[in-house]
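The structure appears below as structure tokens.
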Amino acid sequence: MNDTTGPGDDVQLITLDVNGTSHEVITAPRRTLVDVLRHDLRLTGTHVGCEHGICGACTVLVDGLPVRACLMFAAQAEGARITTVESLADPATGELGDLQRAFTAHHGLQCGFCTPGFLMLAQGFLAERPEATKEDIREVVAANLCRCTGYQTIVEAIDACATARRSQRATGAEEESCN
Amino acid sequence: MTSAKDDRLVGRSVARREDPRLLSGRGRFVDDIELPGMLHAQFVRSTVAHGTITEIDLSRVRQVPGVLAAFTAADLELGDITAQLGRPLSEFVPTAMPILARDRVRYVGEPVAVVVARDPYLAEDGLEAARVTYAPLPPITCEEQALAPDAPRVHAEAARNTLVDVGLFATEGIDEIFDRAPCVVHVDVRTGRQNALPLETRGAVARWDDREEQLVLHTCTQTPHQVRTVAARCLRLDERAVRVIVPDMGGGFGLKCVVGREEIATAAAALRLGRPVKWIEDRKDALSASFLAREQHYTARAAFDADGRILGLDADVVCDMGAYSCYPFTAGIEPLMASAEMPGVYKVPAYRVRGRAITTNKAPTAPYRGVSRPQYVMAVERLMERAARELRLDPVEIRRRNVITDFPYTGVNNITYDPGSYLESLDLCERAVREAGWYDRQAAARAEGRHIGIGYSCFSERTGYGSAAFAQRKMEVVPGFDLAEVRMDTSGAVTATTGTISHGQSHETTMAQIVADTLGLDIAKVKLHQGDTDRITYGWGTFASRSIAVGGSAVRLAAGKLGDKLRAIAAAEWGIPPEETELDRGRVRRRDDPDAALTYEHLADTAYLTSHLLPKDIDPGLTATAVFDVHNDGTFSNATHGVVVELHEGTGQVEILAYFCVEDCGVAVNPQVVEGQCRGGIAQGISGALFEQITYDAQGEPSATSFMDYKVPTAQEIPEVVIHHLETPCAFTATGAKGAGEGGTIGAPAAVLNAVNDALRPTGVELDHTPITPETVHRALTPRTPEQTP
């Protein structure tokens, strides 16, 4: 028994794959994925804003797709690949990834509380839809709430990142075809 | 005295120092704090709006597995929170807010008991086992009920449920002015009750530190020193024995600038149990049981001459402050702000106002970004529009004839306005709207039967309130000054400590810009510390757009003093007067010999490690502190907003097609940060104008307890904002900056409402209330057949 379970609770041992690392967690069935990430695995970058799936501060990727970690039990995530904001910077150097750099360049965050959710939302979306237009991005950004920025700079940051990734791919393809 | 002008960081959009940790999940917010042996608190809350508690039975709570304790008011014996104004009882009735309700509850959600368990899930289990019995009393849920002559009282001491009733101004002869005026227009403006809604809810982690003999209270507050004062008083500790530490904070917007009850109860539980206790508010409590704001009612009229020049303004303001007065501002915060500042940017020769705060059985209120200014600007801007219609003047032209143009200007409200760009911002905003083609598009749309409207609001925002300005409100505690300490270590790196506390405003960057410029230092060498009551003697925190104007000035002054000391040490080494030296990129240089320079590292080495070399009149060490206060009426930022909306007939939806903002906050320390404040503020203003409202039913039950029933706008509703900057530097802040935190929120509701009314012009319907709901718009656009007309 640990501090996260009650004396009468059923507990179970689950294995979670988070950011490529496998973690064994003893947890009660009712614990949500976000609570296990934050409090059991101490990955506190994922935030809790509403606990009912509206604000999106807890957005993580489950098998590459954006998911509200407050609406999912940790046990349901067993066997899936979970990706959190902690994965975005270079693990060795701590250097920010391109999406993170775009957020800072465009002032896409103020207090930073909603930011991990928007980053993971965008990361999942751009992987699926690299060709997304700015209007597509605005529509997806509307899935989450931000109270500081008025959203414009979040949309601009994600759009700039998408554009840069496309031009990089084009350059890469060009170089490849030249070789 | 500093480096070359083109090296200066103030005025440049320097990349934020806060970002790397916040972007990589390494921020540390209050819920990220985990302490060994930590317990978790949640609150049993009133389920009735008004009633007497007849029994609190927590016996079954204490039997819930994992629950360690449950406390009522009687168990904890805490002092009350009482906010005071130095006004006679006829103007202000003080009321006490107990930490936990004793025998009486006054709103749904009022904390009645605190349950402490081993984890948050178990604490929630505990809440479900609580049994509280109430003898219900009739709830007061609206202004009309509250002010009725025989109304039941929310607080026994407050007759007619009135906590504040002041008539701050009444120009002699104002009635005659109205009697004789060729044009008198009226408005009846109401604004909905809102939640400031920081995305991070409130929370606290409390523990007793035996070695320091101190309660350490980590809490997300905009006013750490005020929380310390109240915690010490309620817990009956010396103030020294309380240390408040503010971690990263997920927004505040005013909701977190008052002292809450839950953080004190959390601290009391931690002391009682001898273990760390954490409380994290859930969204339901945050929406319905924290602090709300904005519910006001203006009955106002204005007199104009035939040319559209305003002759007089006469207003009655009623602010529904809910169940309690907030600390330290009191229930006077909204009516006093509205009364003092309503004439705003206009040359109003005669003014009368009555401002009232009423108490109702709703969650209490806190200052929310803009504080009364979004509402009184709306009332005044509606009066302007109405007069323009009556006098057949262009709405921009009537404003042009009335805005203050000669500064300094002392208004009928005894406030002296420092220079601003009221007329210039108005002209530029209109030009921006026109050049973007919106007037032509509006005409074309009207011809097609579409409803496009253009609206403006013109306003100023008093910022940098010093103690003189706050003293005018007659608060018992008078905010105003702020304190900064700047110190350099032996490596030449600088730590600046402030009494302000950033929670999205980017002070770690902007304050560092100020220090770096003042000392001619690489910004990477400067680190800001804030939000720790043990690291700075006192501070007033971050609210009222005061941080850069007041706190930034203190930082600038302290850094200047440190620079003077560096020059003095260098001058002593050279044997020349300090005036013959200057600071330049991390060195002190001789003015008469550009090649002679001593690095800060070298001078710091002298100051600390070889201080025997210092002359007798120079103390060892490199630390400087400074206090800054504003001794006049403050400094006024200003702006004009221009909005284009289209109303959709079928759905009643208000779509914002374009948004223009021309703002002037003096010297913008970091223009990107200022733009962020504008855009974010405008988004919140639009939220109030079109979407957000918490209503209460006849039983006093709040309508909104989740985001399912409180509509927070998303990227689909909030438009892009085109921003133009003007710069009228402030003459008395140390950087020339004025505050920039609230303007966006102040201007947006009036501009949106005016645009909606412009779109409705062909229908003859005029709307004066917010939020403007789809239902209202739909009804206004639907022609009524005679039998439908009541």
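The values are calculated or read from the model by the stated rules, or taken from the named source; none is laboratory data. Bear in mind that the values here come from a model prediction, so they are computed numbers and not experimental data. Every residue, glycine as well, gets a Cβ built from its backbone with ideal geometry; the counts of neighbours run over all protein chains shown. Just so you know, the surface numbers come from the protein's heavy atoms only, side chains and all, with ligands and any DNA or RNA stripped out. Shrake-Rupley method; radii C 1.70, N 1.55, O 1.52, S 1.80 Å.
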Fluctuation leader among A:Asp90, A:Asp136, A:Asp159 - chain A, Gaussian network, Cα springs under 10 angstrom: A:Asp90
Whole-number percent relative contact order across chain A, with pairs defined as alpha carbons under 8 Å at least 6 apart: 20
Residues of the stretch B:542-571 with amide N under 20 Å of a point placed 7 Å along Cα→Cβ from B:Glu601: B:563, B:566-567, B:569-571
Those residues of the stretch B:206-239 whose amide nitrogen sits under 14 Å from the label point placed on B:Arg272, 7 Å along Cα→Cβ: B:235
Solvent-accessible area per residue for the stretch B:189-345 (1.4 angstrom probe, square angstrom): 22
Rounded to the nearest 20 debye, dipole of the stretch A:88-172 from Cβ charges on Lys, Arg, Asp, Glu: 60
For the stretch B:247-253, 3J(HN,Hα) per residue [Karplus equation, 6.51 cos²θ - 1.76 cosθ + 1.60, θ = phi - 60°, Hz, x = Gly/Pro]: x, 4, 10, x, x, x, 6
Top positive-direction residue, dipole computed over the stretch B:568-668 with Cβ charges, set B:Ala571, B:Ser637, B:Val654: B:Ala571
Added length on full extension, which subtracts the Cα-Cα distance from 0.36 nm per residue, B:Lys616 to B:Ala159: 157.9 nm
Residue-wise HN-Hα coupling along the stretch B:752-757, computed from phi with Karplus coefficients 6.51, -1.76, 1.60 (Hz; x: Gly, Pro): 5, 4, 5, 5, 4, 5
For B:Arg354, distant residues with modelled amide H under 5 Å away: B:Ala315, B:Asp316, B:Val317
Separation between Cα centres of the stretch B:691-732 and the stretch B:221-244, rounded to whole Å: 31
Gyration tensor verdict on the protein assembly as shown (Cα atoms; rounded if a/c is under 1.5, prolate if a/b is larger than b/c, oblate otherwise): rounded
Chains A and B, summed buried accessible surface - 1.4 Å probe, Å², nearest 100: 4600
Per-selection Kirkwood Rh - the stretch B:637-786 (Cα, Å, 1 d.p.): 16.9
Choice from A:Leu119, A:Leu43, A:Leu16 showing the highest fluctuation, given a GNM over chain A with Cα pairs closer than 10 Å: A:Leu43
Inter-centroid distance (Cα atoms) of the stretch B:744-766 relative to the stretch B:1-76, Å: 38
Heavy-atom SASA rank of B:Leu9, B:Leu23, B:Leu273 (probe 1.4 Å, accessible area, largest first): B:Leu273, B:Leu9, B:Leu23
Low-density loop positions, GluC sites (Glu not before Pro), the stretch B:189-226 - DSSP coil, at most 15 other Cβ in 10 Å: B:Glu212, B:Glu213
Charged-residue dipole, Cβ positions (Lys, Arg, Asp, Glu), chain B about Cα centre, Debye nearest 20: 620
GluC sites (Glu not before Pro) restricted to the stretch B:16-83 and DSSP loop, no more than 16 other C-beta within 10 Å: B:Glu34, B:Glu77
Largest-first ordering by accessible area, 1.4 Å probe, given options B:Thr47, B:Thr500, A:Thr32: B:Thr47, A:Thr32, B:Thr500
Interface residues in the stretch B:717-763 - accessible area drops by 20 Å² or more relative to the isolated chain, probe 1.4 Å: B:Ile718, B:Glu720
Tensor-based shape of the stretch B:551-596 (alpha-carbon gyration tensor, a/c under 1.5 rounded, otherwise prolate or oblate): prolate
Label point distance in nm, A:Thr93-B:Ser90, each placed 7 Å from Cα along Cα→Cβ: 7.3
Choice from A:Pro130, A:Pro91, A:Pro116 showing the highest fluctuation, given a GNM over chain A with Cα pairs closer than 10 Å: A:Pro91
Listed residues B:Val67, B:Ile53, B:Ala41: farthest to the positive end of the dipole of the stretch B:1-104 (Cβ charges): B:Ala41
Amide H partners (placed H, <5 Å) of B:His769, local residues excluded: B:Arg190
Cα centre as origin, Lys/Arg/Asp/Glu Cβ charges: the protein assembly as shown dipole, Debye: 1060
In nm, spacing of pseudo-spin labels at B:Met708 and B:Glu579 (7 Å Cα→C-beta vector): 7.5
Contact order normalised by residue count of the stretch A:1-87, Cα under 8 Å, 6+ apart, percent: 32
Full-stretch length increase - B:His186, B:Thr133 - with 0.36 nm per residue and alpha-carbon distance subtracted: 14.3 nm
At R0 = 25 Å, FRET efficiency that the Cβ-Cβ distance of B:Glu649 and B:Ala444 yields, to 0.05: 0.90
Accessible surface, 1.4 Å probe, highest first, among residues B:Trp438, B:Trp279: B:Trp438, B:Trp279
Gyration tensor (alpha-carbon) shape descriptor, chain B, a/c threshold 1.5: oblate
Sequence-distant residues sharing a close amide H with B:Glu91 (under 5 Å, placed H): none
Inter-centroid distance (Cα atoms) of the stretch B:277-314 relative to the stretch B:389-435, Å: 23
Minimum 50 Å² accessible area buried by the other protein chains, the stretch B:199-214 residues, probe 1.4 Å, relative to alone: B:Leu199
Estimated FRET transfer efficiency (A:Ile26, B:Arg12; beta-carbon r; R0 60 Å; 0.05): 0.70
Calculated FRET efficiency for the pair B:Arg784/B:His529, C-beta based, R₀ 51 Å, to 0.05: 0.20
For the stretch B:226-241, Karplus couplings with θ = phi - 60° (6.51, -1.76, 1.60), whole Hz, Gly/Pro x: 6, 4, 4, 4, 5, 4, 4, 5, 5, 8, 6, 10, 5, 5, 4, 7
Cleavage-rule hits (trypsin sites (Lys or Arg not before Pro)) in the stretch B:723-790: DSSP loop, at most 15 neighbouring Cβ within 10 angstrom: B:Arg784
Span-rule helices in chain A, defined as complete DSSP H runs reaching 30 Å or more along the axis (Cα) with Kyte mean at least -1.0: A:152-178
Sum of -39500 (n - 2.57) over DSSP H runs of 4+, divided by residues of the protein assembly as shown (222 nm, nearest 500): -8500 deg cm²/dmol
Listed residue (B:Tyr409, B:His529, B:Gly680) projecting farthest to the positive dipole end of chain B, Cβ model: B:His529
